[in-house]
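Coordinate-derived values only; no laboratory data. Keep in mind the model is a prediction, meaning the values are calculated, not measured. Note: ideal-geometry Cβ built from the backbone for every residue, glycine included; neighbour counts use all protein chains shown.
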Amino acid sequence: MSALFVAGTGTDVGKTHVACALIRALKARGLAVDAFKPVVSGFDPADPSGSDPARLAEALGDPAALPRISPRRYRAPLAPNLAARLEGDVLRIDDLAADCRAALAGAHDLLLVEGAGGVMSPLTDQATNLDLIAALDLPVLLIAGSYLGTISHVLTALIALRARGVRIAAIVMSESLDAPDLVQTADALRAFERETPIFLAPRDEAWDAGELADHLAKGF
Ligand SMILES: Nc1ncnc2c1ncn2[C@@H]1O[C@H](COP(=O)(O)OP(=O)(O)OP(=O)(O)O)[C@@H](O)[C@H]1O
Ligand SMILES: C[C@H](N)[C@H](N)CCCCCC(=O)O
Ligand SMILES: [Mg+2]
């Protein structure tokens, strides 16, 4: 195992939620897991508790890891390049890729790299999450919601990823609020996507990512 890029079909679909559950499941299986989110926006330094890096750090069991997990943290809840510019920073894809490569060089069985927004969301003024995924040549764990409309978003993301030769390790459909039936939606997606395994993440306190962890532990 080495690293997975946790990409979303959009923002707020469940990337961090699934990544945290996967971290817990892999740690429970004795694997050395780490996480990295190259840039986070919507980050409140006065109250970082609900932020992506804080949640990832908590799942790792290392709350002090927050600044290491996300070295580039911006306040505005906007695309990273816009949020950074409001604070006088200009994000460059080469810098983000270099940060990710440094994290990849760390000691772990598996590193989860979480993007920002969806596959085609901008990270810089000229580069998207997909450009970073391609630059790093990482396989993707694609996270989708289960809201009405998600099937188009998943299939579109898959086309974009495959157009750049990106390998997809698995798809996780994370149950959205006020959404149609999760199982029915996943079955409807499977009718169009037969190549990649699709795992469900129901909105259930008892759910854990054990099945996904076991699948990934076999290699991807
Ligand atoms: N399966 C689920 N069960 C319970 N809560 C969920 C589930 N999926 C997502 N959520 C909740 O939905 C919200 C958005 O999820 P999350 O923060 O993981 O999205 P994201 O894709 O990481 O967003 P961003 O693009 O900001 O990184 C969070 O409050 C999260 O806890
Ligand atoms: C602030 C939010 N939670 C994410 N971190 C950033 C989402 C950027 C989406 C950009 C876009 O695709 O329009
Ligand atoms: Mg997130």
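Karplus couplings for the range 173-178 from phi (6.51 cos²θ - 1.76 cosθ + 1.60, θ = phi - 60°), rounded to Hz, Gly and Pro as x?
These are the phi-based 3J(HN,Hα) values: 9, 9, 5, 8, 5, 6 Hz.
Can you check what the net charge comes to around residue 217, using other residues whose Cβ is under 10 Å from the Cβ of residue 217 (Lys, Arg +1; Asp, Glu -1)?
0
When DSSP assigns beta bridges and you keep just the ones with both residues in the range 1-142, what percent turn out antiparallel, to the nearest 5?
Just about 10 percent of them are antiparallel.
GNM on the chain, C-alpha springs below 10 Å: top fluctuator among 78, 22, 138?
78
Go ahead and estimate [θ] at 222 nm for the chain from helices alone: -39,500 (n - 2.57) per DSSP H run with n ≥ 4, summed, over the residue count, rounded to 500.
-11000 deg cm²/dmol
Taking the alpha-carbon centroid of each part, what is the distance from the range 180-220 to the range 49-85 in angstrom?
A separation of 26 Å, based on Cα centres.
Taking a cut-off of 17 Å between Cα atoms, list the lysines near residue 27, but don't count ones fewer than 8 places away on the same chain.
Once the sequence-local lysines are set aside, what remains near residue 27 is 218.
Would you list the P(r) distribution for the range 2-217, with all Cα-Cα distances sorted into 5 Å bins from 0 and each bin expressed as a whole %?
That works out to 1, 7, 16, 20, 21, 17, 11, 5, 1, 0, in percent per bin.
Could you list, bin by bin from short to long, the percent of Cα-Cα pairs of the range 130-220 in 5 Å steps?
Calculated P(r), rounded to whole percents: 3, 13, 24, 23, 20, 12, 4, 0.
Separation between the residue 192 and residue 31 pseudo-spin-labels, each 7 Å from Cα along Cα→Cβ, expressed in nm?
2.9 nm
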